[in-house]
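Participant: Just dropping this structure here.
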Amino acid sequence: VGGDVTATPESDDNEYLCPVTIGGQTLNLDFDSGSSDLWVFSTSTPSSEQQSHTIYNPAKSSTFKELNGFTWQISYGDGSGASGTVGTDTVTVGGLTVKNQAVELATAVSSEFVTDSANNGLLGLAWSNLNTVEPTQQQTFFANAGPQLQQNVFTADLRHDQPGSYDFGFIDTSKFQGNLNYVPVDNSQGFWQFTVDGYAVGDGATGGNSFSAIADTGTTLLLLDDNIVSDYYSQISSAQNSNSAGGFVFDCTEDVPDLTLQIGDYAAVVPGSLLNFSQNGDGTCFGGIQSDGGQGFAILGDVFLKAQFTVFDQGNVQLGFAPK
Ligand SMILES: CC[C@H](C)[C@H](NC(=O)[C@H](C)NC(=O)[C@@H](CCSC)NC[C@@H](N)Cc1ccccc1)C(=O)O
């Protein structure tokens, strides 16, 4: 058994949204391999915060069960967050159904979520030890689905400015070139965390120290150590770190170099075209590479994941990468 679901980018590839059916109601959610809570805008969300969101109404679901007294509260690296109550329901993604899946109803959401009207909640795909439900931590959709999957994996094929896909339970070899390159994952902190062995800017030599990174489908950009960020932008003459823009910008006319991350034997190339991320409207462009804020590991978000086909292998606790 498996599932295949379309991942549709918001403008500027800011997020990728996928239809999820919960108790017969379909909402578009942000699939997030950097967290482990499945939460939704619901009838429990204050009407002032519901705005133009699609909301889940547990009262209309014949399979919803309240988990009395259970609560959740999550904070994200960008300062956003949400909290609320918990129940279970039947959740279907691309034809793959999990019964009695913990569904977290938002009673409060931060402004970033209120104003992001295309995003009606998150479906966490990190490891269940990151789930925030109390008093009893809950399993993710992927953890619950694992036993019924032909292969205990999901894959991500995100694209620039066009729909991509997530597949659960199988690896579609038509979606990538060559062979998959696997790297072991350290899931002790709940992330899909692994080691990057070096990097190269443009066609320069591969160097640098090895560093830790997480694969995070719910983060837009490619967030790296400040030293690597400085090295990269030193190759773009007009680049500057702009407080008003919130990061490194450069003239849109510039030729932006590729970045290669060496992951074991695999050279993961992120083409310059993806590293010229968006236009600021004043002739400058915003870079796809930005600082990881010094939290001790890099966050390989959608800018990186658009350039690779990625296998999140829950059964073997490893990640697989291949060019597309
Ligand atoms: C400040 C909070 C820290 C980062 C930490 N939280 C986390 O690590 C959470 C689970 N994950 C996240 O904050 C990040 C990974 C940060 S690595 C430290 N991934 C999920 C994020 N992209 C979800 C999102 C999607 C769309 C809009 C906004 C946010 C904690 O709770 O301690």
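The values are calculated or read from the model by the stated rules, or taken from the named source; none is laboratory data. All figures in this text were calculated on a predicted structure; none of them were measured in a lab. Don't worry about glycine lacking a Cβ; one is built from the backbone with ideal geometry, like all the others, and counts go over all protein chains shown. Heads up: the accessible areas ignore ligands, DNA and RNA and are worked out on the full protein's heavy atoms, side chains in. Shrake-Rupley method; radii C 1.70, N 1.55, O 1.52, S 1.80 Å.
Participant: If I go through the range 115-136 residue by residue, how many of them are open to solvent by 30 Å² or more (accessible area, probe 1.4 Å) and of a type in the set (A, V, I, L, M, F, W, C)?
Facilitator: Qualifying residue count, the range 115-136: 3.
Participant: Return the pair list, or none, for Cβ contacts closer than 6 Å from residues in the range 121-148 that are farther than 11 Å from SER33 by Cβ to residues that are more than 15 Å from the ligand (Cβ to nearest atom) and modelled with pLDDT under 95, at least 6 apart or on different chains.
Facilitator: GLN148/VAL1
Participant: Tell me whether the range 286-298 contains one or more residues that are more than 26 Å from PHE176 (Cα to Cα) and over 19 Å from the mean Cα position of the chain (by Cα).
Facilitator: yes
Participant: Does the range 166-189 contain at least one residue that is of a type in the set (S, T, N, Q), surrounded by fewer than 23 Cβ atoms within 10 Å (Cβ to Cβ) and in contact with a Ser or Thr (Cβ under 7 Å, 6 or more places away or on another chain)? Before the answer, list the steps.
Facilitator: Within the range 166-189, the first condition is being of a type in the set (S, T, N, Q), and the residues that meet it are 173-174, 177, 179, 181, 187-189.
Filter once more, so that each one left must be surrounded by fewer than 23 Cβ atoms within 10 Å (Cβ to Cβ): 173-174, 177, 179, 181, 187-189.
Checking which are in contact with a Ser or Thr (Cβ under 7 Å, 6 or more places away or on another chain) leaves us with none.
No, that holds for no residue.
Participant: Further question on the same structure: Which one of ASN241, ASN227, ASN209 is assigned to a strand (DSSP E or B) and either small (Gly, Ala, Ser) or surrounded by fewer than 21 Cβ atoms within 10 Å (Cβ to Cβ) (or both)?
Facilitator: Working: ASN227 fails: assigned to a strand (DSSP E or B); ASN209 fails: assigned to a strand (DSSP E or B).
So the residue among ASN241, ASN227, ASN209 that is assigned to a strand (DSSP E or B) and either small (Gly, Ala, Ser) or surrounded by fewer than 21 Cβ atoms within 10 Å (Cβ to Cβ) (or both) is ASN241.
Participant: Please report, ordered by residue number, the strands (runs of 3 or more DSSP E) entirely within the range 68-187 with at least 3 residues that are within 16 Å of the ligand (Cβ to nearest atom).
Facilitator: Details: elements: 81-93, 96-109, 121-124, 153-157, 164-168, 181-184.
Output list reads 81-93, 96-109, 121-124.
Participant: Moving on to the next point. Of everything in the range 137-161, what is exposed (fewer than 14 other Cβ atoms within 10 Å of the Cβ) and out of contact with any strand residue (DSSP E or B) (no Cβ under 7 Å at 6 or more places or on another chain)? Give them in sequence order.
Facilitator: Filtering the range 137-161 down to residues exposed (fewer than 14 other Cβ atoms within 10 Å of the Cβ) leaves 147, 150, 161.
PRO147, GLN150 - these are the residues of the range 137-161 that are exposed (fewer than 14 other Cβ atoms within 10 Å of the Cβ) and out of contact with any strand residue (DSSP E or B) (no Cβ under 7 Å at 6 or more places or on another chain).
Participant: Within the range 237-251, can one find any residue that is within 30 Å of LEU130 (Cα to Cα) and either more than 16 Å from the ligand (Cβ to nearest atom) or not aromatic (Phe, Trp, Tyr) (or both)? Reasoning before the result, please.
Facilitator: Of the residues in the range 237-251, the ones within 30 Å of LEU130 (Cα to Cα) are 246-247.
Now drop any that are not either more than 16 Å from the ligand (Cβ to nearest atom) or not aromatic (Phe, Trp, Tyr) (or both), which leaves 246-247.
Within the range 237-251 (the criterion being within 30 Å of LEU130 (Cα to Cα) and either more than 16 Å from the ligand (Cβ to nearest atom) or not aromatic (Phe, Trp, Tyr) (or both)), the answer is yes, since at least one residue qualifies.
Participant: What number of residues within the range 271-324 satisfy the criterion of being on the phi > 0 side of the Ramachandran plot and without any contact (Cβ under 8 Å) to a residue 12 or more places away in the chain? I'd like the intermediate steps shown before the answer.
Facilitator: So in the range 271-324, the residues on the phi > 0 side of the Ramachandran plot come out as 281, 283, 293-294, 296, 317.
With without any contact (Cβ under 8 Å) to a residue 12 or more places away in the chain added as a condition, the list becomes 281.
Summing the residues that are on the phi > 0 side of the Ramachandran plot and without any contact (Cβ under 8 Å) to a residue 12 or more places away in the chain in the range 271-324 gives 1.
Participant: Report yes if some residue within the range 49-67 is within 11 Å of the ligand (Cβ to nearest atom) and either acidic (Asp, Glu) or buried (at least 16 other Cβ atoms within 10 Å of the Cβ) (or both); otherwise report no.
Facilitator: Of all residues in the range 49-67, those within 11 Å of the ligand (Cβ to nearest atom) come to none.
The answer is no; no qualifying residue exists.
Participant: Another question, if that's okay. Taking strands (runs of 3 or more DSSP E) that fall entirely within the range 2-44, which contain at least 2 residues that are within 22 Å of PHE304 (Cβ to Cβ), open to solvent by less than 30 Å² (accessible area, probe 1.4 Å) and acidic (Asp, Glu)?
Facilitator: On the way: elements: 3-9, 16-22, 25-32, 38-40.
Here the list reads 25-32.
Participant: I need the full set of residues from the range 278-301 which are in contact with a strand residue (DSSP E or B) (Cβ under 8 Å, 6 or more places away or on another chain), open to solvent by 40 Å² or more (accessible area, probe 1.4 Å) and away from the ligand (no atom under 16 Å from the Cβ), in order please.
Facilitator: Of the residues in the range 278-301, the ones in contact with a strand residue (DSSP E or B) (Cβ under 8 Å, 6 or more places away or on another chain) are 278-280, 283-293, 296-301.
Narrowing the set further to residues that are open to solvent by 40 Å² or more (accessible area, probe 1.4 Å) leaves 279-280, 283, 291, 293, 296.
Of everything in the range 278-301, those that are in contact with a strand residue (DSSP E or B) (Cβ under 8 Å, 6 or more places away or on another chain), open to solvent by 40 Å² or more (accessible area, probe 1.4 Å) and away from the ligand (no atom under 16 Å from the Cβ) turn out to be GLN279, ASN280, GLY283.
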